[in-house]
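Asker: First the structure, then my questions, so here it is.
Quick note: the coordinates plus some simple rules give every number you see, no bench work behind them. Owing to the predicted nature of the structure, the values given are computational and were not obtained by experimental measurement. Quick reminder, even Gly has a Cβ in these numbers, built from the backbone with ideal geometry, and neighbours come from all protein chains shown.
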Amino acid sequence: MTVFVIRRLSQSLLILLITSVIVFAGVYAIGNPIDILIAPDATFAEREQAIRSLGLDRSLPEQYGTFLWNALHGDLGRSFVFNQPSIDLILNRMPATLELAFVALFLSLVIGIPLGLWSGLRPNTALDETVMTGSILGFSLPNFWQGMMLIMIFSVWLGWLPSTGRGELGTFLGIRTSLTTWSGLSHLILPAFNLALFKISLVIRLTRSGVRETMPLDFVKFARAKGLSERRIVSVHVLKNIMIPIVTVVGVEFGGIIAFAIVTETIFAWPGMGKLLIDSIMRLDRPVVVAYLLVVVTLFIVINFVVDILYSLLDPRIRIGSAS
Amino acid sequence: MTALTFRKLGEDSLVARALDGILKSPKATVAGIACILLFLIAAFGPWFAPQNPYDLMQISIMDAKLPPGSESMSGGTYWLGTDGQGRDMLSAMIYGLRTSLAVGLVSGIVALGVGTTLGLIAAYFGGRIDTLIMRLVDLMLGFPTILVALMLLALIGQGLGKVMVALVLVQWALFARAVRGAALVEKSKEYVEAATCLDLSKTRILFGHLLPNCLPPLIVIATLQVANAISAEATLSFLGIGLPITEPSLGLLISNGYSVLMSGQYWISVYPGLLLVAVVFSINIVGDRLREVLNPRLQR
């Protein structure tokens with residue numbers, strides 16, 4: 001286990017390093033970096049001063065060294081637009097994105113697992129066909145268009161839910177969240193569902209195939225022979241066994257949710273870091289783009305790491321340490 | 001030579017198996033016919049589209065934002081309404097479909113070529129080359145496609161060619177992983193040994209003998225990836241970092257409708273969106289059916 005953890009950690013560091021090289025190459029080496037790194041309306045003196053302070057008169061490896069050194073000290077540059085350290089901007093917006101992502105994840109499990117069970121227990125019936133075709137439709141609906149349709153139906157036509165923004169925040173256990181106020185919740189429903197739909201389809205398919213693989217196994221027959229009710233067999237014994245693949249896949253997909261939050265946040269004007277990224281790309285606010293990329297890569301590495309550890313803890317059949 | 005071709009899974013039988021599987025499922029048959037129709041519309045669209053939406057002589061700003069079924073200034077009917085510039089939506093959608101399908105197909109095919117070659121090389125040569133290629137694959141697949149494509153376009157700028165480069169870059173790894181898996185199984189079989197003993201060139205063994213036997217998973221992934229690429233391109237264009245305004249795809253048309261959605265002009269975003277869904281949905285249904293029929297035990 002320890003060996004595994006150490007190996008994974010060193011791999012993660014390597015990925016971060018590679019990412020930093022790519023980002024460096026993207027921002028510093030393509031085109032004239034000074035045009036990207038200082039505001040367009042800077043005076044000549046400011047420009048010269050910036051070139052010197054940023055070390056742009058030195059060689060590329062030296063420049064990369066400086067970039068890395070600053071990055072390691074949490075300095076990823078200042079936003080031109082907000083004139084704040086870009087890393088602070090990203091971290092300020094992160095809770096909103098995480099809240100949206102967690103609620104979407106929760107929705108995908110709460111809706112996806114029952115539908116998948118329902119479908120998997122009645123294979124090849126009309127209901128199964130409908131749910132499976134529905135899940136392909138869920139995969140096929142482009143996230144952004146589906147969000148627009150949600151706004152059109154529930155905000156414009158029916159007028160039930162607000163279409164943009166985050167609503168009032170309440171405080172719960174010291175965390176500022178929109179889950180505790182009605183205004184917050186009503187603002188959260190549409191974007192969370194928009195983000196969840198794709199994952200709902202995924203969970204349905206995973207659950208269904210899990211159920212179909214598990215139902216013919218001996219332990220299910222044994223449970224039946226013991227006289228357990230079908231409800232108990234499914235909800236306790238079968239569900240426990242199919243949770244392992246679901247937990248791992250959903251864990252890995254959490255990163256995907258955060259990535260797709262970029263789209264959802266743009267449609268619903270949700271003040272998270274994804275919307276900040278798109279705004280920054282549009283305003284050519286490069287330091288924020290750099291900061292977002294490095295923060296998200298770090299986040300991904302942490303998620304994948306946690307999922308791997310969870311996987312080995314959940315399933316005693318997997319012995320990570322003895323692999324290879 | 002007959003002994004050599006004996007183990008080869010003939011291309012005809014594979015196509016026949018795929019076709020047979022699709023025809024046996026009514027749902028997949030309908031989706032397949034829809035795919036063919038959509039491709040025909042895209043290919044021959046300019047011949048029967050009511051107007052060329054990008055010919056300024058043919059559009060009139062006086063006709064802007066007309067609801068579906070309105071009469072145009074010159075007497076024709078806009079069946080699906082007009083957009084903010086007075087373009088006929090139906091025509092704009094036909095032209096958009098052309099761009100979307102072209103981007104999806106071209107990037108899918110290039111990714112197929114690159115991924116297959118790298119996957120075969122990894123499986124056949126093994127060792128360091130294998131490790132290097134597969135680490136790269138793991139790295140690519142570790143991040144969501146949309147994020148990688150978005151960051152890349154944010155760094156290199158937008159444009160038709162760049163979008164395709166980004167889409168190829170995020171797709172090749174899936175092909176490489178699938179081909180490598182299939183090729184590793186095939187590699188140990190006797191026909192490869194026989195081909196090696198005949199001193200055939202490595203290129204010939206790789207592409208003439210190994211590749212035809214690794215086709216089933218590739219066909220399935222290629223189908224699904226075309227749908228994914230179309231969807232990804234639309235998303236990127238919607239976010240404003242995909243195609244430029246001069247190459248309008250379905251995603252860009254929908255994006256135009258976003259700003260007027262709140263004022264009730266639903267048709268500008270709803271109809272192109274429905275067409276986009278129809279394309280992606282029918283390709284996905286065919287792909288899903290192919291997966292069942294060819295059963296290459298895909299991991300997705």
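Asker: Around B:Thr77, which amide H atoms from residues at least 5 apart in sequence, or from another chain, sit under 5 Å from its own amide H, with H modelled in the peptide plane?
Answerer: Under 5 Å from the amide H of B:Thr77: B:Ser72.
Asker: Under 13 Å from the Cβ of A:Glu129, count the other residues' Cβ atoms, weight Lys and Arg +1, Asp and Glu -1, and hand me the total. Please report the intermediate quantities before stating the final value.
Answerer: Numbers: positive: A:Arg122, A:Arg208, B:Lys27, B:Arg289; negative: A:Asp128, B:Asp288, B:Glu292.
Spelling it out: positives minus negatives among the neighbours equals +1.
Asker: To continue, here is another question. At a threshold of 8 angstrom on Cα-Cα distance, excluding pairs fewer than six apart, so keeping six or more, what relative contact order does chain B reach in percent?
Answerer: Relative contact order, chain B: 24 percent.
Asker: Normalised by the number of residues in chain A, what is the relative contact order in percent for Cα pairs under 8 Å and 6+ residues apart?
Answerer: Over chain A, the number comes to 25 percent.
Asker: Also, I was wondering about something else. Just check the protein assembly as shown against the gyration tensor rule for me: Cα atoms, a ≥ b ≥ c as the square roots of the eigenvalues, rounded for a/c under 1.5, and otherwise prolate or oblate depending on whether a/b exceeds b/c.
Answerer: In terms of gyration-tensor shape, rounded.
Asker: Now for a different question. In segment A:139-234, what trypsin sites (Lys or Arg not before Pro) fall in a loop by DSSP, with at most 16 other Cβ atoms inside 10 Å?
Answerer: Answer in residue order: A:Lys226.
Asker: Work out the FRET efficiency for A:Val110 and B:Asp199 from their Cβ-Cβ distance, taking R0 = 45 Å, and round it to the nearest 0.05.
Answerer: With a Förster radius of 45 Å, E is 0.15.
Asker: Amide H neighbours of A:Arg78 under 5 Å, at least 5 residues apart or on other chains, H built in the peptide plane: list them.
Answerer: Those lying under 5 Å, H to H, from A:Arg78 are A:Ser86.
Asker: Is there a simple number for the mean count of other chain Cβ atoms within 10 Å of the Cβ of residues in B:228-239, and what is it?
Answerer: 4
Asker: Show me, for segment B:113-118, the HN-Hα J-couplings you get by feeding each phi into the Karplus relation (A = 6.51, B = -1.76, C = 1.60, θ = phi - 60°), rounded to Hz, glycine and proline as x.
Answerer: x, 5, x, 4, 4, 5
Asker: Calculate one ³J(HN,Hα) per residue across segment A:130-138 by plugging θ = phi - 60° into the Karplus curve 6.51 cos²θ - 1.76 cosθ + 1.60, and present them in order as whole Hz with x for glycine and proline.
Answerer: 4, 5, 5, 5, x, 6, 5, 4, x
Asker: First check a/c for segment B:165-204, with a ≥ b ≥ c the square roots of the eigenvalues of its C-alpha gyration tensor; if it is under 1.5, answer rounded, and if not, answer prolate when a/b is larger than b/c or oblate otherwise.
Answerer: In terms of gyration-tensor shape, oblate.
Asker: Mind checking the mean number of beta-carbon atoms from other chains within 10 Å of the Cβ atoms in A:135-141?
Answerer: Values: counts 1, 10, 5, 0, 8, 14, 6.
Partner Cβ neighbours, averaged per residue: 6.
Asker: Would you mind checking which residues have amide H under 5 Å from B:Thr82's amide H? H placed 1.01 Å from N; only 5 or more apart, or other chain.
Answerer: B:Lys65, B:Leu66, B:Met89
Asker: Select from segment A:235-305 those trypsin sites (Lys or Arg not before Pro) which occupy a DSSP coil region and have at most 14 other Cβ atoms within 10 Å, ordered by residue number.
Answerer: Filter output for segment A:235-305: A:Arg283.
Asker: Further question on the same structure: Per-residue mean of other chain beta-carbon atoms within 10 angstrom of the beta-carbon, peptide A:211-224?
Answerer: If you average over the peptide's residues, the count of other-chain Cβ atoms is 0.
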